Amino acid sequence: MIELASITKSFNSGRPNQFTAVDNVSLMIEPQKVTVLKGPSGSGKTSLLTMIGCMARPTSGRIFLHGIASALPSQQDQAGSLEITSLPERFLNDIRRVTFGFIFQQFNLIKGISVLENVMLPAYPTGESRADFRGRAEELLEMFSIGRHAGQRVELLSGGELQRVAIARALINNPSIIIADEPTAHLDSKLSYEFMEIVGKLKEAGKTIIIASHDPIVYDAPLVDVLVDMRDGAIVSSGRDR
Amino acid sequence: MILHPAALALLTTALLVSGLGAYSCFHGMRILGKWDLSSGSELQLELERRTYLISTVMSYILAFQLMLLFLYIYTADSLHPLFTGAMCAAGSLNANSFGYPVLILKIVNFLLSGVWLIVNHTDNKAYDYPLIRVKYELLNLLIPLLVLESILMFAYFAGIKPDIITSCCGSLFSYESGGFSGEIASLPHIPMKIAFYVSMSLTLASGLFFYLKGRSGGLFSISATVAFLVAAASLVSFICLYFYELPTHHCPFCLLQKEYGHVGYLLYATLLGGGVAGLGVGVLMPFKKLGSMARIIPPVQRRLALAAMICYLLFVLISSWKMLFSALRMG
Amino acid sequence: MKTTLERHLNILDFTLASLLRRKGKNLSLLTIYLLVIFMLASLVFFVTALKREAAIILEDAPDMVVQRLVAGRQDLVPTKYAEAIASIRGVSKVRPRLWGYYYDGLNGANYTIVADDDSVTEPESAMIGSAIARSRKVTVGDLLPLISYEKVPLMLQISSILPAGSDLMAADLIVISSEDFQTLFNFPAGQATDLAVTVRNPKELTTIASKIAQLFPDSRPILKSEILRTYQAVFDWRGGMTVILLSSALISFIIFAWDKATGLSAEERKEIGILKSIGWSTPDVLLLKFWEGVVISLTAFLLGVVLAYGHVFFLSAPLFAQALKGWSVIYPSFRLSPVVDGYQLAVLFFLTVVPYTTATIIPCWRAATADPDTAMRS
């Protein structure tokens, strides 16, 4: 479970162009559920995702990860919860690497290297043996039926295939939480539905999924458990719609 | 002034190291002044990023310092034909009054950079930067010494005039001459040997005790430091004699040469490594009880103690082996 | 330990892949880097080889040479000095030497003429260096005419050609008998150019030198060690001077490296953003950049050193020979015997790799500390 307590994120603080992307947000995200952050662009969805995903630190407020089996010998281990806001970057990274898998709007695959290498990339700095994560990457590619593209460069793939490579990459370190930022923005409707099917499978596999999207195919999908409506950096409504 | 390619290499590197050091020092001061871990402000984030830069810079400086130390001795050695009577590095370094101070500063700076990296490594293991102030205050002590070293080295090379009559290592380290280095050499062999083996045994015993029980780390660190100094003096006083198989050649530099199988590198590397690790244990002692450090420091110290013991043991084994099998026999 | 090694191997693997992906940019950097190392390495190898060559030549030189000064300028030494010096205790042998330079108007070169009655016994015959044989197109049995000071040609029959070897000094040498020497230069009898003194115990050299200076106040004893020192100082000085001249190249290279490292292309910047967003930390990216530097430096260093080795020891350093070797117009096309040691390589390393590395630390750090969330904000 992820607990956000009065999270605020502002940029350029102290300068005339200061603006607050996320304003005093408190939220509980339940494990093994699909949570969708819904709202127009500029509503603070992405900023909130970066803070949940340990990519950025909030200007104020606290984020707790409860009951997440962290690989770290935690020093502040109180009943399995971890307060991540005050951690230096290097620790955030370790947590991020093993806990979160990311799927980006632009897919963010690296050109010029093969599909397989792209999928393995997040595992490189973990110090795991190459043979181990290579096996996992091949399994993932098979699972998403793109195994035959493993040796190809990513430039040659279609949009749907790219999407699946990006998902496979998010899963390589076996994270418990998947974070997706506008995952369907560059997909047509058919592929968007396909994506939601995969999300369904991941949910069945016990992953916690957090998606930021303003695509109705995503937020109206029946498998969404919690819908959080955001506007101007604040939560307008939040709850179990169905 | 001499324009030797090696001297130019040394001076260029010294300049670069000082520049990097000054840059780190500047940002170190900013970190000391503005550090506020509880803040998530952009300034704090930037400062936290600077710490990566400074650790990277310091690792490079340490690596460069180590290589420079040997390059400096080697260059001094290759310059010796320029001086009448100089027969090796000992004579060249004596060509003006800056040669030896530079060498001593180089050793001190190497030890300090090593200790800094140990403190940095330990600090990075904790969530809350508990040693940040200690670290950057130490940096402010270290960098001026680095800059001073570069200035003195420049003065040394600038002041070299070929043909100055200098005493060669034969007379510099012989019994007759007075002065500091002469005194080391004229330290009597037997008491020196006793001091060497006693300090080494004490270090190894206290190290083993510390490694197993985790107590008396201070004692270990002090005896490791004393052993470092005693071993350095012993090297000049009697150990090198067994390698040269000459009863009067007290030069600590010729050991680095091919004729003696470059054994000097191994001796100096183990001695310096042991010295840094031993000092590191002691420097960490005061922070053992400090919050999050309580769980981090003991394993680091144990590993350092182990490293120091291995280094010293190697040093003792190499020199004792030579003392037993050398053609030279002394009373 | 194993995981640390795996981490390094994995990141190194990615480094190699990304270096190969940006061939154009990296090749241009590598080429310039290589060129700088090549120049400096050639220089250092060349100077060291020359120094050694000089030392080899001086090995056969006498322990001490005694000259005579008149009004502060070198003058001929009366051979009777030799007898007086020979009687000093500790001196084993004194040999008056006759030698000088001969200007050959035909090809504008200076030859070194040495009289040696032990090796040239017949009058009007000569042993000549290989360079002279080549430039005058003569061989054993041919006649070599030299014009004496009286404008009378002296016809010398070539008895042998000195072996080319690595002997820097033998190439422009002509050895003749002392009688011919006196004819050629109109050299007064009973005089010598200088005296070569051999001493029984080298430790007494300075004592004997001061005794000679006392005996003949107008004499100047020069020790072999002093000559050696002078050679060394001269070669070092020339080497250092050239390094300084090359330093402009070095500095422009460093600026170039800095620029390359700072001016990351948009694509590279994006890539680092992606790496950071998928869980690479700042130290991981720094490690990536470190390995990148190591691969580039090592490649440039090894290739540059190997090329320089070929340039100096197989091609006889055509780029530096004129500037560094010396003073004579015909200089022997000789082959230097290879001498490369760790010390030279260390000096090269400090002159090239260390400045390059230093120039890239800060740009690399800047790249590595990109915000992990930039990838989400594009």
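The values are calculated or read from the model by the stated rules, or taken from the named source; none is laboratory data. On a predicted model such as this, the values are computed, not experimentally measured, just so you know. A quick note on method: Cβ atoms are made from the backbone with ideal geometry, for glycine too, and the neighbour counts reach across all protein chains shown.
Residues considered: C:V197, C:V175. Of these, the only one that is in contact with a strand residue (DSSP E or B) (Cβ under 9 Å, 6 or more places away or on another chain), outside the structural domain of C:G105 (by TED's automatic domain parsing), closer than 24 Å to C:K93 by Cβ and in a strand (DSSP E or B) is C:V197. State whether one or more residues within segment B:270-279 are of a type outside the set (A, V, I, L, M), farther than 17 Å from B:F210 by Cα and either outside the structural domain of B:M87 (by TED's automatic domain parsing) or outside any helix (DSSP H, G or I) (or both). Yes, there is a match, as at least one residue in segment B:270-279 is of a type outside the set (A, V, I, L, M), farther than 17 Å from B:F210 by Cα and either outside the structural domain of B:M87 (by TED's automatic domain parsing) or outside any helix (DSSP H, G or I) (or both). Scanning for something over 30 Å from C:V353 (Cβ atoms) and of a type outside the set (S, T, Y), does segment C:233-242 turn up at least one residue? Within segment C:233-242, not a single residue is over 30 Å from C:V353 (Cβ atoms) and of a type outside the set (S, T, Y).
The rows are residues; the columns are (1) of a type in the set (A, V, I, L, M); (2) crowded, with 21+ Cβ neighbours inside 10 Å; (3) within 8 Å of chain A (Cβ to nearest Cβ).
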| position | (1), (2), (3) |
| --- | --- |
| C:H8 | no, no, no |
| C:L12 | yes, no, no |
| C:N26 | no, no, no |
| C:L35 | yes, no, no |
| C:L43 | yes, yes, no |
| C:V47 | yes, yes, no |
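The rows are residues; the columns are (1) without any contact (Cβ under 8 Å) to a residue 40 or more places away in the chain; (2) part of a helix (DSSP H, G or I).
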position	(1), (2)
A:N93	yes, yes
A:V98	no, yes
A:F102	no, no
A:I110	no, no
A:E117	yes, yes
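For segment A:119-141, a residue qualifies if it is more than 10 Å from every other protein chain (Cβ to nearest Cβ), under 28 Å from A:M196 (Cβ atoms) and either among the aromatic types (F, W, Y) or touching a residue at least 12 places away in the same chain (Cβ under 8 Å) (or both), and the qualifying residues are A:V119, A:R136, A:A137, A:E138, A:L140, A:L141. Within segment C:223-235, can one find any residue that is surrounded by 18 or more Cβ atoms within 10 Å (Cβ to Cβ), in contact (Cβ under 8 Å) with a residue 24 or more places away in the chain and part of a strand (DSSP E or B)? Checking segment C:223-235: at least one residue is surrounded by 18 or more Cβ atoms within 10 Å (Cβ to Cβ), in contact (Cβ under 8 Å) with a residue 24 or more places away in the chain and part of a strand (DSSP E or B).
I need the full set of residues from segment B:1-44 which are part of a helix (DSSP H, G or I), more than 9 Å from chain C (Cβ to nearest Cβ), among the hydrophobic types (A, V, I, L, M, F, W, C) and in contact with a helix residue (DSSP H, G or I) (Cβ under 9 Å, 6 or more places away or on another chain), in order please. Before the answer, list the steps.
First pass over segment B:1-44, keeping only residues part of a helix (DSSP H, G or I): B:5-34, B:42-44.
After this cut, where a residue has to be more than 9 Å from chain C (Cβ to nearest Cβ) as well, the list is B:11, B:14-15, B:18, B:21-22, B:24-34, B:42-44.
In the following step, the residues that additionally are among the hydrophobic types (A, V, I, L, M, F, W, C) were identified as B:11, B:14-15, B:22, B:25-26, B:29, B:31-32, B:43.
Passing the criteria: B:L11, B:A14, B:L15, B:A22, B:C25, B:M29, B:I31, B:L32, B:L43.
Being crowded, with 23+ Cβ neighbours inside 10 Å and without any contact (Cβ under 8 Å) to a residue 24 or more places away in the chain is a condition met by at least one residue of segment B:233-255.
The requirement of being assigned to a helix (DSSP H, G or I), buried (at least 21 other Cβ atoms within 10 Å of the Cβ) and without any contact (Cβ under 8 Å) to a residue 60 or more places away in the chain is fulfilled nowhere in segment B:83-91; no residue meets it. Does B:I107 satisfy the criteria of being surrounded by fewer than 20 Cβ atoms within 10 Å (Cβ to Cβ), in a helix (DSSP H, G or I) and more than 14 Å from chain C (Cβ to nearest Cβ)? It is true that B:I107 is surrounded by fewer than 20 Cβ atoms within 10 Å (Cβ to Cβ), in a helix (DSSP H, G or I) and more than 14 Å from chain C (Cβ to nearest Cβ). Being under 30 Å from C:R89 (Cβ atoms) and within 14 Å of chain B (Cβ to nearest Cβ) is true for just one of C:A249, C:A209, C:A233, C:A257. Which residue is that? Of the residues listed, the single one that is under 30 Å from C:R89 (Cβ atoms) and within 14 Å of chain B (Cβ to nearest Cβ) is C:A209. Can you spot a residue in segment A:51-63 that is modelled with pLDDT under 90, more than 14 Å from chain C (Cβ to nearest Cβ) and surrounded by 23 or more Cβ atoms within 10 Å (Cβ to Cβ)? No; the residues of segment A:51-63 include none that is modelled with pLDDT under 90, more than 14 Å from chain C (Cβ to nearest Cβ) and surrounded by 23 or more Cβ atoms within 10 Å (Cβ to Cβ).
Note on segment A:162-242: enclosed strands (runs of 3 or more DSSP E) holding 2 or more residues that are in contact with a Pro (Cβ under 8 Å, 6 or more places away or on another chain) are A:208-213.
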